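Nothing in this text is a laboratory measurement; each read-out follows from the coordinates by a stated rule. All of these numbers come straight from a predicted model, not from anything done at the bench. Neighbour counts run over all protein chains shown; Cβ positions are idealised from the backbone, glycine included.
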Amino acid sequence: MRDTTLPRRKEPAATGGTLTVSDETGPTAVIIPIDDYRRLVEDAEDYRLYLEAERRSHDGGKLIPSDEVWRRHTPVNDGYEPEFE
């Protein structure tokens, strides 16, 4: 079993940097500040939504007029409340 105990001293990730975790085969993980992690997760979700919007905006390579989109797709009431800035 591999020792997964992290050192108790302040690591670079706690001060805004990153910490690479390695074993005998090389790097195995990276520890990053939580704000960086949250930004990366949000960016990944934004990109996933972008790709889905791109996929949905084309029908066999042809753009779909907005009235056709509304005719085909009805909003779902899933309880999600969007946040607007």
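Tabulated data for the structure shown
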read-out: Kirkwood Rh and Cα Rg combined as Rg/Rh, the stretch 13-55; value: 1.20
read-out: Using θ = phi - 60° and Karplus 6.51 cos²θ - 1.76 cosθ + 1.60, couplings along the stretch 26-35 (whole Hz; Gly, Pro as x); value: x, x, 10, 7, 10, 9, 10, x, 4, 5
read-out: Sequence-distant residues sharing a close amide H with ILE31 (under 5 Å, placed H); value: LEU19, THR20, VAL21
read-out: Using a Förster distance of 30 Å, the FRET efficiency for GLU45-THR25 (Cβ separation, nearest 0.05); value: 0.45
